[in-house]
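Worksheet: the structure to be examined is printed underneath.
The values are calculated or read from the model by the stated rules, or taken from the named source; none is laboratory data. Model, not experiment: these values are computed from the prediction. Note: ideal-geometry Cβ built from the backbone for every residue, glycine included; neighbour counts use all protein chains shown. These accessible areas exclude ligands, DNA and RNA; they are computed on the full protein's heavy atoms, side chains included. Shrake-Rupley method; radii C 1.70, N 1.55, O 1.52, S 1.80 Å.
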Amino acid sequence: MTLDKKQFFDPQAITAKWQERWRLDRLYHIDLKTAKSPYFCLMMFPYPSAEGLHIGNIYMQTGTDAFARFKQMQGNDVFEPMGLDAFGIHSENYALKIGKHPMEQGRLAQENFYRQMESAGLMVDWSKKLETTDPNYYKWTQWLFIQMFKHGLAVRKKAKVNFCPSCKTVLADEQVIDGKCERCSSLVEKRDLEQWFFKITDYAKRLLDNIPGLDWDEKIKISQTNWIGESKGAEIEFRIKNVELRIKVFTTRPDTLYGATFLVVAPEHVLIDKILKQVQDDNVRKEVNEYVKSAQNKSEQERLEVGKEKTGVFSGCYAVHPMTGKQIPIWIADYVLASYGTGAIMAVPAHDERDFEFATKYNLPIKQVIKTPANSEGKAYAGKGEIINSVEWNGLVVPQDINKIIYDIEKRNIGHAKENYHLRDWLISRQRYWGPPIPMVFCEKCAKEGKSWFDTEEAKELSKIQNSKLKIKNSTPEAHGWYPVGDEELPVLLPFIEDFKPLGSGISPLANHPEFYNTKCPVCGNQAKRETDVSDTFLDSSWYFLRYLATDWQYLPFPTENREFSTEVTKLKSEIAARKRFLPVTIYIGGAEHAVLHLLYARFITMALHDMGYLDFEEPFSKFYAHGLIIKDGAKMSKSKGNVILPDPLIKKFGIDTVRLYLRFLGPFEQGGDFRDTGIEGMHRFVKRLYKLLAKDQNTKLQEQKLEDKKRLRMLHQTIKGVTEDLEALRFNTAIAKLMTYYNFLSTQQDIYKIEAKVYLQMIAPFAPHVAEELWEQIGEQYSIHKSAWPSYEEKYLVSEKVNIAVQINGKVRDVLAVASEESQDKHRVMEIVLASEKVKRYLGKTEISINKVIYVPGRVINFIV
RNA sequence: GCCGGGAUGGCGGAAUGGUAUACGCGGUAGUCUCAAAAACUACUGGCUAUAAUGGCUGUGUGGGUUCGAGUCCCUCUCCCGGCACCA
């Protein structure tokens with residue numbers, strides 16, 4: 001007779017039973033204050049834009065959860081919080097697509113997301129959840145913006161910025177991938193606009209220098225290093241002939257200075273106008289003007305097109321070479337970028353491919369200054385070799401002697417050592433609706449009078465107490481008229497408006513709402529206007545991990561002892577101290593796609609908050625682990641391909657424990673893997689078999705007495721060791737493989753010892769929390785398995801199963817003769833095995849040698865000295 | 001072009017320099033069934049052999065180090081990711 005499945009294993013009933021019990025018992029509630037061994041296990045919070053959770057979200061969340069549960073069982077007080085990154089273009093675009101108001105869509109999505117995440121059986125303390133759209137949250141996002149402004153890290157600048165014509169907003173550099181919008185893949189345009197920027201470039205060096213010390217995925221560290229893009233070199237000044245003007249150029253190869261045969265400046269370079277005034281020839285002037293104009297009209301895309309032939313025009317002016325005193329022509333060409341370095345270069349065609357191409361086209365002189373191997377032709381871009389044709393530098397060898405050259409340049413007062421960074425300032429304004437309004441007020445009257453917040457008493461007070469790393473600047477023209485909203489006015493609520501659609505033309509939807517933007521100047525009291533742009537969603541997520549520790553605090557953004565909050569700090573003194581122990585985040589798990597976005601911004605903001613005195617650490621995430629992507633049929637899941645896997649039906653069909661186990665098993669966590677339907681069926685079979693093996697009313701008898709069988713003890717302890725090490729390194733797939741091997745072993749045994757069942761359930765609990773809890777109860781153990789101590793192993797049971805037996809002649813290993821197995825641990829037995837081995841017989845027969853000494857190397861090789 | 005990472009059965013993937021292919025999927029055969037499904041049992045890299053506890057071969061290519069290489073070193077090919085007219 002076949003058993004009805006329901007009769008012996010009903011995953012839905014088990015899940016419901018235990019989730020209910022855990023909730024009633026507040027099993028996963030964590031008291032941040034009394035925690036003895038604080039462990040902050042953070043996972044990236046999702047944005048609730050799509051129809052619901054994606055299998056990829058579940059993949060990441062349950063993976064993090066398995067690790068968190070493991071750490072909890074190891075005796076840590078694990079804080080695993082969760083929330084929603086609900087503001088931002090992602091969510092807004094989705095609302096636009098389905099024709100709902102973002103506020104309404106947000107409410108629906110929020111409900112659905114929390115329901116789904118709770119069904120995943122996470123050990124999240126839901127009493128500490130947060131949403132970035134909550135005014136109690138974005139009040140502090142706005143507060144953060146204001147602190148950045150007050151400390152001179154949020155500035156208004158007019159600049160060429162990325163503009164997405166489809167999302168109708170500006171974008172940060174990091175949000176442009178291959179010239180396309182990160183969200184919608186539209187071709188990004190460049191527009192000249194005045195916007196709010198965060199001065200992340202001020203932190204470029206520190207952000208870079210801290211990278212080697214981070215316990216992060218190497219991939220991510222390399223990406224960030226490349227993105228910050230430090231180039232070491234020198235800035236060198238060239239006098240312009242007949243004029244009191246100088247052009248600064250940046251070069252990484254000051255050693256090739258004697259090879260500079262002309263200068264090139266970007267078409268946008270500010271000196272061009274001044275230079276042109278000196279030019280007599282009208283034709284040249286006209287030509288230059290035309291070139292500059294045509295360069296401006298070209299899109300970034302066109303200008304950067306690979307393989308494009310270089311263009312340029314002679315400016316009519318000459319510069320004076322600082323070493324030789326000879327005059328060299330100044331050219332204007334768009335292969336030099338205004339936004340990098342000084343916007344001008346010294347061209348060394350003999351040793352730079354681009355300069356060579358340009359010099360060849362326009363017939364400019366080429367002068368070799370580095371000795372190159374005989375066989376290479378004119379263009380040798382060698383970065384190393386002996387310097388020639390360079391008067392006093394001749395004979396020096398680069399790169400070794402580059403510092404001598406820079407020293408010489410500095411001594412002659414023609415330039416100095418200089419580092420440049422690829423990193424650009426973080427453009428924070430968005431001309432969209434769905435975000436926290438930037439909490440700034442602009443007063444026309446004050447602007448005309450050249451006043452700003454930096455002229456107030458408060459600014460002067462602040463400048464007295466601030467960290468030396470942050471110098472409050474004097475009021476710059478860009479800051480004139482700008483005041484932050486007063487603390488008591490926060491949050492600046494995002495109003496509900498019907499016309500929330502992005503307008504394009506660089507204006508935010510809020511700009512059509514005088515009832516929102518009309519206000520009074522906090523200083524002069526005249527009519528003033530609120531900023532109508534909202535901030536980038538990456539600002540919301542740049543500090544959310546701090547807020548998890550303070551979701552119940554209304555007057556503190558996160559645990560801090562800064563004097564700004566002195567009243568609260570006095571009141572909550574010990575609580576703040578206790579909660580601070582969870583920071584910085586112990587481990588952060590998330591997708592590698594945020595390498596240069598979220599992860600860099602969070603580091604920057606943390607560093608800035610540190611410098612402002614709000615935090616006493618400057619790196620937010622001690623450890624970062626990047627998980628891989630889950631794909632289907634070898635391709636990324638997408639609706640157009642019709643290969644999207646949704647979690648709900650799977651959970652319904654197999655139960656969450658099977659899904660959790662399968663997601664862990666399908667490939668290494670850091671690589672992701674291919675979702676296969678037959679694969680999950682296989683895992684389902686395993687879960688059913690396991691249940692059958694250990695469930696109370698099944699045939700198995702649990703042996704209460706002590707386990708003495710050596711083989712079984714070794715199996716048990718080896719599995720504990722392997723699984724523990726695998727979990728420690730987040731190698732979930734191999735951990736589960738070991739558990740399955742162990743199951744296969746146990747299932748062949750007549751009886752199962754209690755200790756085996758117990759340890760087995762504990763090891764599978766992080767992956768299959770509900771089934772493990774159910775069986776834990778059925779074998780008569782005390783609730784809850786998740787509060788039980790992770791099993792430990794004893795070395796004495798771990799003697800290696802395999803040893804190799806080798807022959808040594810004159811201290812050198814000559815040959816491996818045999819492989820002995822477990823029984824061979826004592827020397828006499830080894831001898832027997834060796835002598836019985838066919839290979840040894842042959843070896844001994846051939847060479848007529850005898851074994852006179854045995855050296856035993858535990859675990860690996862047994863050497864015979866012959 | 002530059003910087004990373006990778007290539008192991010029919011498939012996903014295991015292997016601190018020590019019996020390559022753990023674990024799962026798929027496949028084959030069998031048990032149970034009127035039958036099928038499910039479940040269970042056995043086998044499953046290739047070639048060869050079958051009296052075997054047999055032989056040979058095998059981790060993208062070609063070489064090297066080593067008693068011993070998927071693993072370490074060098075060459076080449078291909079694939080994936082990031083950056084890219086950044087001076």
The stretch A:197-248, residues that are among the basic types (K, R) and more than 30 Å from A:I272 (Cα to Cα): A:K205, A:R206, A:K219, A:K221
Count of residues meeting criterion [within 26 Å of A:K277 (Cβ to Cβ) and of a type outside the set (F, W, Y)] in the stretch A:311-369: 31
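Determine whether A:L716 is in contact with a strand residue (DSSP E or B) (Cβ under 9 Å, 6 or more places away or on another chain), at pLDDT below 90 and more than 14 Å from RNA strand B (Cβ to nearest atom). Before the answer, list the steps.
Values: in contact with a strand residue (DSSP E or B) (Cβ under 9 Å, 6 or more places away or on another chain): yes; at pLDDT below 90: no; more than 14 Å from RNA strand B (Cβ to nearest atom): yes.
Answer is no for this residue.
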Mind counting the residues in the stretch A:527-574 that are open to solvent by 10 Å² or more (accessible area, probe 1.4 Å), assigned to a helix (DSSP H, G or I) and among the hydrophobic types (A, V, I, L, M, F, W, C)? 3
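Looking only at the stretch A:92-109, how many residues end up being touching a residue at least 40 places away in the same chain (Cβ under 8 Å) and out of contact with any Leu (no Cβ under 9 Å at 6 or more places or on another chain)?
Residues that pass the stated criteria total 6.
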Of all residues making up the stretch A:646-670, the number that are open to solvent by less than 20 Å² (accessible area, probe 1.4 Å) and within 7 Å of RNA strand B (Cβ to nearest atom): 1
Residues in the stretch A:675-698: is at least one surrounded by 18 or more Cβ atoms within 10 Å (Cβ to Cβ), part of a helix (DSSP H, G or I) and acidic (D, E)? no
Any idea how many residues of the stretch A:340-367 are more than 22 Å from A:M323 (Cα to Cα) and crowded, with 21+ Cβ neighbours inside 10 Å? 1
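Conditions tested, residue by residue: (1) more than 9 Å from RNA strand B (Cβ to nearest atom); (2) closer than 25 Å to A:I387 by Cα; (3) at pLDDT 90 or above.
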| site | (1), (2), (3) |
| --- | --- |
| A:I200 | yes, no, yes |
| A:R206 | yes, no, yes |
| A:L214 | yes, no, yes |
| A:D217 | yes, no, no |
| A:E237 | yes, yes, yes |
| A:F250 | no, yes, yes |
| A:T256 | no, yes, yes |
| A:G259 | yes, yes, yes |
| A:F262 | yes, yes, yes |
Given (1) more than 29 Å from A:K157 (Cβ to Cβ); (2) within 12 Å of RNA strand B (Cβ to nearest atom), where does A:G233 come up short, assuming only one miss? (1)
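Which of the residues that make up the stretch A:579-594 are open to solvent by 10 Å² or more (accessible area, probe 1.4 Å) and either over 19 Å from A:G213 (Cα atoms) or within 16 Å of RNA strand B (Cβ to nearest atom) (or both)? Break it down stepwise before answering.
Restricting attention to the stretch A:579-594, the residues satisfying the condition of being open to solvent by 10 Å² or more (accessible area, probe 1.4 Å) are A:579-581, A:583-584, A:586, A:592-594.
Selection gives A:R579, A:K580, A:R581, A:A592, A:E593, A:H594.
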Looking at (1) more than 22 Å from A:G590 (Cα to Cα); (2) open to solvent by less than 10 Å² (accessible area, probe 1.4 Å), can you tell me which one A:G121 breaks? (1)
Identify all residues within the stretch A:165-183 that are open to solvent by less than 50 Å² (accessible area, probe 1.4 Å) and within 16 Å of RNA strand B (Cβ to nearest atom); write none if there are none. A:L171, A:A172, A:D173, A:E174, A:Q175, A:V176, A:G179, A:C181
Of the conditions (1) in contact (Cβ under 8 Å) with a residue 60 or more places away in the chain; (2) in contact with a Phe, Trp or Tyr (Cβ under 6 Å, 6 or more places away or on another chain); (3) surrounded by fewer than 20 Cβ atoms within 10 Å (Cβ to Cβ), A:M715 fails just one. Which one is it? (1)
Failed item, numbered, when A:S747 is tested on (1) within 13 Å of RNA strand B (Cβ to nearest atom); (2) touching a residue at least 60 places away in the same chain (Cβ under 8 Å): (2)
Got at least one residue in the stretch A:153-162 being open to solvent by 10 Å² or more (accessible area, probe 1.4 Å) and under 30 Å from A:R21 (Cα atoms)? no
Before we move on, is A:A266 over 30 Å from A:S186 (Cβ atoms) and within 13 Å of RNA strand B (Cβ to nearest atom)? no
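Within the bounds of the stretch A:421-430, is there any residue that is over 30 Å from A:A204 (Cα atoms) and at pLDDT 90 or above? Reasoning before the result, please.
Of the residues in the stretch A:421-430, the ones over 30 Å from A:A204 (Cα atoms) are none.
The answer is no, given that none of the residues of the stretch A:421-430 is over 30 Å from A:A204 (Cα atoms) and at pLDDT 90 or above.
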Breaking point among (1) at pLDDT 90 or above; (2) open to solvent by less than 50 Å² (accessible area, probe 1.4 Å); (3) in contact with a strand residue (DSSP E or B) (Cβ under 6 Å, 6 or more places away or on another chain), for A:K129: (2)
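Taking the stretch A:671-692, which residues are closer than 26 Å to A:E593 by Cβ, near RNA strand B (Cβ under 7 Å from one of its atoms) and not basic (K, R)?
A:Q671, A:G673, A:D674, A:G679
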The stretch A:579-594 residues that are hydroxyl-bearing (S, T, Y), paired with ones that are within 16 Å of RNA strand B (Cβ to nearest atom) (beta carbon under 8 Å, 6 or more apart): A:Y588/A:F624; A:Y588/A:Y625
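Looking at the stretch A:368-410, which of the residues that are of a type in the set (S, T, N, Q), modelled with pLDDT of 80 or more and part of a loop (DSSP other than H, G, I, E, B) is most open to solvent (accessible area, probe 1.4 Å)? Can you show your working first?
At the first step, the residues of the stretch A:368-410 found to be of a type in the set (S, T, N, Q) are A:368, A:372, A:375-376, A:389-390, A:394, A:400, A:403.
If we keep only those that are modelled with pLDDT of 80 or more too, we end up with A:368, A:389-390, A:394, A:400, A:403.
Subsequent filtering for residues that are part of a loop (DSSP other than H, G, I, E, B) retains A:368, A:389-390, A:394, A:400.
Values: A:Q368: 69, A:N389: 84, A:S390: 0, A:N394: 75, A:Q400: 131 Å².
So, considering only residues that are of a type in the set (S, T, N, Q), modelled with pLDDT of 80 or more and part of a loop (DSSP other than H, G, I, E, B), the one most open to solvent (accessible area, probe 1.4 Å) is A:Q400.
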Of the residues that make up the stretch A:59-79, is at least one over 19 Å from the mean Cα position of the chain (by Cα), under 30 Å from A:R430 (Cα atoms) and assigned to a helix (DSSP H, G or I)? no
